[in-house]
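Asker: Once you've had a glance at the structure underneath, I'll fire off some questions.
The values are calculated or read from the model by the stated rules, or taken from the named source; none is laboratory data. Everything numeric here is computed off the predicted structure, so don't read it as measured data. Reconstructed Cβ throughout: ideal geometry from the backbone, glycine too, with neighbour counts over all protein chains shown. SASA here: full protein model, heavy atoms, side chains in, ligands and nucleic acids out. Shrake-Rupley method; radii C 1.70, N 1.55, O 1.52, S 1.80 Å.
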Amino acid sequence: MILRIPDYFEDFHCLGEACPDTCCIGWELEIDEATYDYYRSVPGAFGRRLRAAMADAAKDGEAARTFCLKVDGRCPFLNRQNLCEIVLELGPEALPEVCTEYPRRTFSFGPYITRSLTLSCPEVARMLLTSEPPVHFPEVDLSERVLADTEITVKGDGSPEPAAAEDASDDPSDAPGEDAEGLPADFTAKVRDRAIGLLEDRGRAFADRLGRFLRYAEAVQQGIDAGLRTDGQLFSMEETGFERCGDTAEKPQKESPEDLRAAFAKRLELLEKLEDISPRWEKERAALSAMAGAPPFPEFYDDVRAEHLMTYYTDRYFPLAWYDGDLLGKARFAVFSLLVQMDLLTLRARKRGEKPGAQDWIEVVSLYSAEVENSEYNTELLLEALGQSL
Ligand code: SF4
């Protein structure tokens, strides 16, 4: 098993009471099975309170256990001082997995375990968006360490052991089977790494890197589709001339104002379909719609921050192609997300008549992430809508 973590991961520390945007407000908190069983056994008045706060909610036809949020959207166990009463009463080990894990996330595909931090947490957004060097993703071969030392921990967060990873798939029977449309894990990992390399190629202007990134994803997808169609085998990296595709593929013409207007309208149309997570998002989306008559021209404002965002999406979403083979859809999702956030920054720039600063980026990026990444429904809707069948 190969564990991969972005280089800023270990520096994360929750801001606690100082956080400008607590993660205990506004989101549905799903309670994992083990915690649910434990809460059902807690004695006394606090146990009764826990059980009263839990609700069985139907989700995709399956029962999901959640806490009923209060009318103001607060977790029922968040007190006036913004402290968690479950921790105060029962200790931090009594929290549901979602609370102990957030903003950390683990995803496994084949022999790879990837850990990441979710940008909806403003502290994570601050860390990523105020750093200058390209993000690196050190890898550790856990199989050697498992043999040498069973106490594997990730410094700074105390978890996970490989078996505890979300979507853990070290069992080969979990891998996409012959009939599945997924990709081999090694192949997926190589394509992800190559795509990140294109994005972090700082000898080029960011817009150029973004174009190469998209053309690369298109070339890979064509190869995947052709390989799957012809003999059921996936081609090797070398066979497709991947290394050259960013340069050799025909470069797109400069977009006309009509094209830009149409692309913006398409982004708005998709955003309209999302479920609104917070009133703040609703307001920003309405303000974006009001710009439809004078759509923003793509401006990245800050190449390093735009690069970091794209790297984040690529690291996080490309591995999902291991399931469905739709790499191009993940690339489009990354570019769509970047452009929507640039639209939101343009809104601020126009209002204030000045270039957005670091704080604008942090607010916009954490707001977008909360709206899209903290809602399975919204993430899936966008990934599907931007998928390769487009
Ligand atoms: S949003 Fe991030 S910094 Fe704020 S309370 Fe949650 S984990 Fe901590």
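Asker: On the accessible surface of segment 24-101, probed at 1.4 Å, how many percent belong to carbon and sulfur atoms?
Answerer: Carbon plus sulfur share of accessible area: 51 percent.
Asker: Can you tell me the order of 35-47, 336-348 when each peptide is scored by its average per-residue count of other Cβ atoms within 10 angstrom, highest first?
Answerer: Top of the packing list down: 336-348, 35-47.
Asker: About the Cα centre of segment 24-101, how large is the charge dipole given +1 on each Lys and Arg Cβ and -1 on each Asp and Glu Cβ? Please answer in debye to the nearest 20.
Answerer: 520 debye
Asker: Listed highest first by mean packing, meaning other Cβ atoms within 10 Å per residue, what order do 315-323, 22-30 come in?
Answerer: Highest mean packing first, the order is 315-323, 22-30.
Asker: Place a label point 7 angstrom from the Cα of Val304 along the Cα-to-Cβ direction, then list the residues of segment 117-135 whose backbone nitrogen is under 13 Å away.
Answerer: Correct set: 127-135.
Asker: Accessible area per residue for segment 185-385 in Å², computed with a 1.4 Å probe and the full protein assembly in place, what is it?
Answerer: Per residue, segment 185-385 has 44 Å² of solvent-accessible surface.
Asker: Can you classify segment 185-385 as rounded, prolate or oblate using the Cα gyration tensor, where a ≥ b ≥ c are the square roots of its eigenvalues, rounded means a/c under 1.5, and otherwise it's prolate if a/b beats b/c and oblate if not?
Answerer: Taking the square roots of the gyration eigenvalues as a ≥ b ≥ c, segment 185-385 is prolate.
Asker: Take the Cα radius of gyration of segment 318-390 and divide it by 2.2 N^0.38 Å, with N its residue count; two decimals is plenty.
Answerer: The reported ratio for this selection is 1.27.
Asker: Next question. Where the eigenvalues come from the Cα gyration tensor of segment 24-101, what are the semi-axes √(5λ) of the equivalent ellipsoid, largest first, in whole Å?
Answerer: They are 18, 16, 12 Å, listed from largest to smallest.
Asker: Using a 10 Å cut-off on Cβ atoms, rank the peptides 372-383, 77-88 from the highest mean neighbour count down.
Answerer: Averaged packing, sorted descending, gives the order 372-383, 77-88.
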